[in-house]
Amino acid sequence: MPQPLPNLHHLELFYHVARSGGITAAVRGMPYGIQQPAVSGQISQLEKELGVRLFQRRPFQLTEAGRELYDFAAPFFGGLAGVAGRVSGKATRHLRLAAPATVLRNHLPAVLATLRKACPELELTLHDADQRTVFGLLEREEVDLAISELEGKAPAGIRSEVLASMPLLLLLPPGVKAPRSSWTSVVGTLPLIRTPENTTMARLFHAALGRKSLFWPARIEVGALDLVHSYVEQGFGAGLGVRVPGMSLPKGVTAMELKGVPELKVAGLWRGKPTDLAAAVLTGLRRRATAEIKS
């Protein structure tokens, strides 16, 4: 006898609970009104029908069966808004995009300006987000495209394309000459200025130090690469930077390429088939990266 199909409404409720990280959060963000006891009861009924636990309640965590069911349901329920948008015509002009502030400020405006010429009614929703945040946005189907640093492989279900691979740099303040020996001879001789320790750039650097049995804690942490440049220029210490095409260093600052440290990769990330607008942005970023490398 064939296995009875799960109730579609119960499956939708489970999708919202899994995406939101719990029943209470799901009720607050549900696109229609429903009370928490009703959600709990219907989720319990779904679990009874399937004969498995789908998630641990406190703290919330999907079981293996719950993760498998969510991975199956998410593309359908997460894509409903997009389907409705395409039917109404809105999706052809609305792009939801996530990227770090540096990319949003310095690299995307020119690409989006070109896109707006082809689509004068272009609507944009832009999120300032780091690597860990963009994965969540993509998994919850809250953005169409993300541009982010990529360390290792993207999670299952998320497609990626490396747009640029850039070497890390050690930035020396004015008046400090680069040593003729390896960059490691500078370690510890000056205060270190870098972005927060949870950024990909900082992790790559400190992992390389660890492999060489070296330790160099940051004296100054700043939130953006251009602030690293500013504080190095003012002589506060040596900075951890990256060779970004088209970005010049402050006057007097010397850059040493960090040989032996993996390069910083920046990638486009999306789920399923990219929308036409997302594909156009990827094309524009490819062209921009190619032009900057040649210049």
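Readers should treat all values here as calculations from the given coordinates under stated rules, not as data from a laboratory. Remember, predicted model here, so these are calculated numbers, not experimental data. A quick note on method: Cβ atoms are made from the backbone with ideal geometry, for glycine too, and the neighbour counts reach across all protein chains shown.
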**Request:** In whole angstrom, note down how far apart the Cα centers of segment 245-295 and segment 196-222 are.
**Result:** 22
**Message:** To test your reading of the geometry: what angle, between 0 and 90 degrees and rounded to tens, separates the Cα axis of helix 36-50 from the longest principal axis of the chain?
**Reply:** 80
**Asked** Which residues in segment 180-201 have a backbone N closer than 20 Å to a point placed 7 Å from the Cα of A224 along the Cα-to-Cβ line?
**Response** 193-201
**Asked** Rounded to the nearest 5, what % of the DSSP beta bridges within the chain are antiparallel ones?
**Response** 65
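Between T290 and L124, what length in nm is gained on full extension when 0.36 nm per residue of separation is reduced by their alpha carbon distance?
57.3 nm
May I ask you to derive the relative contact order of the chain, considering only C-alpha pairs under 8 Å and at least 6 residues apart, and to give it as an integer percent? The partial results should precede the final answer.
Values: 424 pairs, mean separation 58.8, N = 295.
Relative contact order here is 20 percent.
Provide the packing ranking of 28-34, 10-16, i.e. peptides ordered by the mean count of other C-beta atoms within 10 Å per residue, highest first. Walk me through the numbers before you get to the answer.
Values: 28-34: 9.9, 10-16: 21.0.
Answer by packing, highest mean first, reads 10-16, 28-34.
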**Request:** Give the long-range amide H neighbours of D144: residues separated by 5 or more places, or on another chain, with amide H under 5 Å away, using H modelled in the peptide plane at 1.01 Å from N.
**Result:** R96, L97
**Asked** Spin-label point model (7 Å from Cα, Cβ direction): what's the S213 to E68 distance in nm?
**Response** 4.7
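For a 24 Å ceiling on Cα separation, which of these pairs sit above it: K177/K251; K212/K251; K177/K265; K153/K273; K212/K265; K212/K259? The partial results should precede the final answer.
Numbers: K177/K251 14 Å; K212/K251 31 Å; K177/K265 28 Å; K153/K273 19 Å; K212/K265 22 Å; K212/K259 12 Å.
K212/K251; K177/K265, as the Cα separations exceed 24 Å there.
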**Message:** Give me the one-decimal nm value for the distance between modelled label points at R140 and Q36, 7 Å along each residue's Cα-to-Cβ direction.
**Reply:** 1.9
